[in-house]
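First up is the structure itself, then whatever we jot down about it.
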Amino acid sequence: MHAALKDIPARIFNVAVGALIQANQHAVYYDPGMDHWTDMSVLNASMAGELFLKAIIAKEHPLLIFRDLFQLDNPDSQELNIEHLIETGKTYNFEHLPKLLWVSTGERLPDIDSFNRIRKARNAIQHFCSPSEKIDLRYLSLEFLYKNVDPLINRHFGICAIEYHEDTSIGYDYVVDCLIRNELLFSVPNRFKITEIDLVESISKRSQSYKHKLIPRLAAKGVDVTKIKTANRTKER
């Protein structure tokens, strides 16, 4: 393998992390005057998904993400360098990545329906205008991130999506609260800690099917779920 190719997965990964940070921020937080964050959450979630998928595929072999390998040839050089790749290389489009993921790794995208929904919304925003107001774009972004991106990056890179957002001074408390309110599952990091919200109260308001899936995830990471289970039993009576 050319030396220039070895750093490609890491370089893609680093940009993907930046997109994930902004996607979480724009989908979870909202202040007056920041209406544009709604559309940006879709664009950044899509970008994060696209780049993480490419990073996963590139780990198998960096050239798998390029559409036309023959265009990468440089008659004036014996070596393939990163500058030439950036200038001339054309990678596969977002819509093709689920199939490329399967071909290169044998792994299917966890939730193709949410992928298709955000793909259509992204195309509308990026090339025309924001979709109908009937579509909850913030939820659409979170749904794609936590049904597809989060499980993939946890499995392939050992990271959890909730840990990546812009307001690091307060941890991931409000990201977690937003996900619980929307009944979206998430990868739980080691040393999981919530201080800004009442986790028991937040979970107790959710459906039984969601609680039965989330509570074991928390328990598996050493979270004391006794109070959550007690509140759940009280709710069932």
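The values are calculated or read from the model by the stated rules, or taken from the named source; none is laboratory data. Keep in mind the model is a prediction, meaning the values are calculated, not measured. Methodologically, a virtual Cβ is constructed for each residue, glycine included, from the backbone with ideal geometry; neighbour enumeration extends over all protein chains shown.
The set of residues in segment 60-77 being assigned to a loop (DSSP other than H, G, I, E, B) and within 17 Å of A10 (Cβ to Cβ) consists of H61 alone. Scanning segment 22-45 for residues that are in a loop (DSSP other than H, G, I, E, B) and either in the same structural domain as N182 (by TED's automatic domain parsing) or of a type in the set (A, V, I, L, M, F, W, C) (or both) yields one hit, M34.
For segment 147-158, a residue qualifies if it is more than 13 Å from L101 (Cβ to Cβ), surrounded by fewer than 24 Cβ atoms within 10 Å (Cβ to Cβ) and free of Cβ contacts under 8 Å to residues at least 60 places away in the same chain, and the qualifying residues are K147, N154, G158.
Annotation note: of S207, S187, the sole residue that is in contact (Cβ under 8 Å) with a residue 12 or more places away in the chain, over 23 Å from the mean Cα position of the chain (by Cα) and closer than 25 Å to A45 by Cβ is S207.
Among the residues examined, L179 qualifies as free of Cβ contacts under 8 Å to residues at least 60 places away in the same chain, closer than 22 Å to G158 by Cα and in a helix (DSSP H, G or I).
Across segment 22-61, the qualifying residues are those that are charged (D, E, K, R) and either at pLDDT below 95 or surrounded by fewer than 24 Cβ atoms within 10 Å (Cβ to Cβ) (or both), and the one among them that is nearest to the chain's Cα centre (by Cα) is E50. Taking the criterion of being surrounded by fewer than 18 Cβ atoms within 10 Å (Cβ to Cβ) and not in a loop (DSSP other than H, G, I, E, B), the residues of segment 182-201 that qualify are V200, E201. For L80, the test of being more than 30 Å from S169 (Cβ to Cβ), part of a loop (DSSP other than H, G, I, E, B) and hydrophobic (A, V, I, L, M, F, W, C) is passed.
Looking across segment 164-181, the residues that are surrounded by 11 or more Cβ atoms within 10 Å (Cβ to Cβ) and among the β-branched types (V, I, T) come down to I170, V175, V176, I180. Of the residues making up segment 224-231, none is modelled with pLDDT of 95 or more and either of a type outside the set (D, E) or not assigned by TED's automatic domain parsing to the domain that holds L51 (or both).
Matching residues to (1) out of contact with any helix residue (DSSP H, G or I) (no Cβ under 9 Å at 6 or more places or on another chain); (2) without any contact (Cβ under 8 Å) to a residue 40 or more places away in the chain:
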position	(1), (2)
L43	no, no
M47	no, yes
I56	no, no
D68	yes, yes
N74	no, yes
E83	no, yes
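Within segment 121-132, no residue that is surrounded by 12 or more Cβ atoms within 10 Å (Cβ to Cβ) sits with its Cβ atom under 7 Å from a residue that is in a helix (DSSP H, G or I) and at pLDDT below 90 at 6+ positions apart or across chains.
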